[in-house]
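Have a look at the structure below before the remarks.
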Amino acid sequence: MSSRIITLPNVLTIIRMVLIPVFVSMLFYQRFVWALLIFVLAGITDGLDGLFARRFGQQSQLGRILDPIADKLMLVTSFVVLSMRGVFPTPLPRHLPIPFWVTITVLSRDVFILIGAAAINIVTGFRNFRPSLPGKISTAVQIVAVAAVMLAARVRIGAGYYLPTLYTAVFALAIFSGVHYVFFVSRLMNDERR
């Protein structure tokens, strides 16, 4: 694991973080197609930074910290902004904005995991936290939901059918993956002790 700061994966991660205010600006100006393109571009840079880090041996300590922060910042920002009524044209499209109960569940799960990981690290010194499979699935569904909401704001056809299903899936997976993570980290800690 390198201590280098300027690596191609780290540059891509920083670009992803720089795209967040541009993404939010596009949403506020109701340029949903542009916002969706920026969101997709951020996703591509996320995939490329991991690929380059592994392929060219450019994993770094900074990258290990920055990459998940950039991912969470983009997703959390997306949910918060897309929960605001003023972002969408009037009259409001059906099932928009994202309901508050969905956004607060997503945020609460991330805060719970972050605080829990920090507390475990302080008390035990354990640092080998890894994403769980339900957590990865939850994140994937959140990404699909954000993209679907932006699409629904532009093309309103069928939003009444798929958006409620996506909201329910995001909510259920956030709760399930949060509870599962407690047991997952417990198992990781036991494995490390052995």
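Brief remarks follow.
- Residues in the stretch 61-76 that are under 21 Å from residue 168 (Cα atoms) and either in contact with a strand residue (DSSP E or B) (Cβ under 8 Å, 6 or more places away or on another chain) or basic (Lys, Arg) (or both): 72 alone.
- Enumeration of residues in the stretch 148-194 that are farther than 30 Å from residue 91 by Cα and aromatic (Phe, Trp, Tyr): 176, 181, 183, 184
Okay, residues lined up against (1) modelled with pLDDT of 85 or more; (2) surrounded by 11 or more Cβ atoms within 10 Å (Cβ to Cβ):
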residue: 80; (1), (2): yes, yes
residue: 104; (1), (2): yes, yes
residue: 127; (1), (2): no, no
residue: 138; (1), (2): yes, yes
residue: 157; (1), (2): no, no
residue: 160; (1), (2): no, yes
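Yes or no, residue by residue, for (1) under 24 Å from residue 177 (Cβ atoms); (2) of a type outside the set (S, T, N, Q); (3) in contact with a strand residue (DSSP E or B) (Cβ under 7 Å, 6 or more places away or on another chain):
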{"position": "50", "(1), (2), (3)": "yes, yes, no"}
{"position": "78", "(1), (2), (3)": "yes, no, no"}
{"position": "88", "(1), (2), (3)": "no, yes, no"}
{"position": "100", "(1), (2), (3)": "yes, yes, no"}
{"position": "104", "(1), (2), (3)": "yes, yes, no"}
{"position": "110", "(1), (2), (3)": "yes, yes, no"}
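- Conditions (1) touching a Lys or Arg at 6+ places or on another chain (Cβ under 9 Å); (2) in the same structural domain as residue 189 (by TED's automatic domain parsing); (3) among the small types (Gly, Ala, Ser): number failed by residue 70: (2)
- Single condition residue 58 does not satisfy, out of (1) on the phi < 0 side of the Ramachandran plot; (2) assigned by TED's automatic domain parsing to the domain that holds residue 150; (3) in a loop (DSSP other than H, G, I, E, B): (2)
- Tabulated pairs, the stretch 100-129, first under 18 Å from residue 65 (Cα atoms), second of a type in the set (D, E, K, R) and modelled with pLDDT of 80 or more, C-beta under 7 angstrom, 6+ apart or interchain: 110/72
The values are calculated or read from the model by the stated rules, or taken from the named source; none is laboratory data. Given the structure is predicted, the values throughout are model-derived calculations rather than measurements. Glycine gets a Cβ as well: all are built from the backbone with ideal geometry, and neighbour counts include every protein chain shown.
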